[in-house]
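The structure appears below as structure tokens.
The values are calculated or read from the model by the stated rules, or taken from the named source; none is laboratory data. Every value quoted in this text rests on a predicted model; they were computed, and no experiment measured them. When we count neighbours, we look across all protein chains shown, and the Cβ atoms used for this are built from the backbone with ideal geometry, even at glycine.
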Amino acid sequence: DIQLTQSPSSLSASVGDRVTITCQASHDIGNRLNWYQQKPGRAPKLLIYDASYLEAGVPSRFSGSGSGTHLTLIISSLEAEDFAVYYCQQYENLPWTFGQGTRVEIK
Amino acid sequence: QVQLAESGGGVVQPGRSLRISCAATGFTFKNYGMHWVRQTPGKGLAWVAAITSDGSVMYYEDSVKGRFTTSRDNSKNTLTLQMNSLRPDDTAVYYCVKGERAVLTAIFDSWGQGTLVTVSS
């Protein structure tokens, strides 16, 4: 199975901060990576697919980059509604796997 | 808009069976691969099973293979997960998830609200 390791596991940030979350894959996954946001008590929501494509309706402050084994989610200017847990997910190989999540908290 | 509504969760004893369902509305159900993803506090998110748009091919995560079966009824826009020989580590919130493309391009673009399955004696 392909392991995805997210870093950091949690972070504290302020509104307006630039936030970077990385996803390290145990094998080359090309660009077959998606990013999701989950708020408490809610289902995950797709933010980025194919590593760098913004899902419809998602604010442009979210962006994704990278390929291979090192991929990144960036929030260019954090807003109050962005405090949540973020997950990466690969679909290069079955079984499709998720990272352990990164919790973004208010500083 | 896309809506996925799971039902059928509950408390079940180890070794017993449970069937959960998902009613899909707001899109042409028969055109999309569908998935089940579960979430536990300790182990996070985990993909469980997938089924092609026509229901002819299914994929399963190893720990549920031989115990879980997913199926769909495209005439009723319904997805089902039959879970047999349940174990305590199957305890989770189960999400019904729509795939954005063909099932092997696993981009999970819409999620239901989830149904809680608790396996406990």
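Within the range B:60-72, if we keep just the residues that are within 13 Å of another protein chain (Cβ to nearest Cβ) and either touching a His at 6+ places or on another chain (Cβ under 6 Å) or not in a strand (DSSP E or B) (or both), the residue that is surrounded by the most Cβ atoms within 10 Å (Cβ to Cβ) turns out to be B:Val64. Scan the range B:102-112 for residues that are more than 12 Å from the chain's Cα centre (by Cα) and part of a loop (DSSP other than H, G, I, E, B) and the total you get is 6. Hey, does the range B:63-85 have a residue that's at pLDDT 95 or above and touching a Pro at 6+ places or on another chain (Cβ under 8 Å)? Within the range B:63-85 (the criterion being at pLDDT 95 or above and touching a Pro at 6+ places or on another chain (Cβ under 8 Å)), the answer is no, since none of the residues qualifies. For the range A:19-41, a residue qualifies if it is among the charged types (D, E, K, R) and within 21 Å of A:Glu79 (Cβ to Cβ), and exactly one does: A:Lys39. Kindly check whether there is at least one residue in the range B:36-59 that is within 24 Å of A:Asp50 (Cβ to Cβ), part of a loop (DSSP other than H, G, I, E, B) and of a type in the set (A, V, I, L, M). Yes - at least one qualifying residue is present in the range B:36-59. Within the range B:13-35, the set of residues being part of a loop (DSSP other than H, G, I, E, B) and polar (S, T, N, Q) comprises B:Gln13, B:Ser17, B:Thr28. Looking at A:Asp28, A:Asp17, A:Asp1, A:Asp50, just one residue is surrounded by fewer than 19 Cβ atoms within 10 Å (Cβ to Cβ), under 17 Å from B:Gly44 (Cα atoms) and of a type outside the set (Ser, Thr, Tyr), and that residue is A:Asp1.
If you take the residues in the range B:74-109 that are small (Gly, Ala, Ser) and touching a strand residue (DSSP E or B) at 6+ places or on another chain (Cβ under 8 Å), which one is nearest to the other protein chains (Cβ to nearest Cβ)?
The first filter runs over the range B:74-109 and keeps only residues small (Gly, Ala, Ser), leaving B:75, B:85, B:92, B:99, B:102, B:106.
In the following step, the residues that additionally are touching a strand residue (DSSP E or B) at 6+ places or on another chain (Cβ under 8 Å) were identified as B:92, B:99, B:106.
On the way: B:Ala92: 13, B:Gly99: 10, B:Ala106: 4 Å.
Selected residue: B:Ala106.
Considering only the range A:82-101, state which residues are away from every other protein chain (no Cβ under 11 Å) and at pLDDT 95 or above.
So in the range A:82-101, the residues away from every other protein chain (no Cβ under 11 Å) come out as A:82-84, A:86.
Answer for the range A:82-101, where residues must be away from every other protein chain (no Cβ under 11 Å) and at pLDDT 95 or above: A:Asp82, A:Ala84, A:Tyr86.
For the range B:83-101, the tally of residues that are surrounded by fewer than 14 Cβ atoms within 10 Å (Cβ to Cβ) and not charged (D, E, K, R) stands at 2. Against the list (1) exposed (fewer than 14 other Cβ atoms within 10 Å of the Cβ); (2) modelled with pLDDT of 95 or more, the condition A:Gly41 fails is (2). Evaluating B:Ser121 against the criteria (1) closer than 26 Å to B:Gly26 by Cβ; (2) touching a residue at least 24 places away in the same chain (Cβ under 8 Å) leaves one unmet condition, (1). Within the range A:57-64, can one find any residue that is under 17 Å from B:Val37 (Cβ atoms), within 11 Å of chain B (Cβ to nearest Cβ) and of a type outside the set (Phe, Trp, Tyr)? Scanning the range A:57-64, I find no residue that is under 17 Å from B:Val37 (Cβ atoms), within 11 Å of chain B (Cβ to nearest Cβ) and of a type outside the set (Phe, Trp, Tyr), so the answer is no.
B:Gly112 falls short on exactly one of the conditions (1) away from every other protein chain (no Cβ under 14 Å); (2) surrounded by 18 or more Cβ atoms within 10 Å (Cβ to Cβ); (3) not aliphatic (A, V, I, L, M), and that condition is (1).
For B:Gly55, state whether it is on the phi > 0 side of the Ramachandran plot and exposed (fewer than 15 other Cβ atoms within 10 Å of the Cβ). Walk me through how you get there before you give the answer.
Values: on the phi > 0 side of the Ramachandran plot: yes; exposed (fewer than 15 other Cβ atoms within 10 Å of the Cβ): no.
Considered against the rule, which asks whether it is on the phi > 0 side of the Ramachandran plot and exposed (fewer than 15 other Cβ atoms within 10 Å of the Cβ), B:Gly55 comes out as no.
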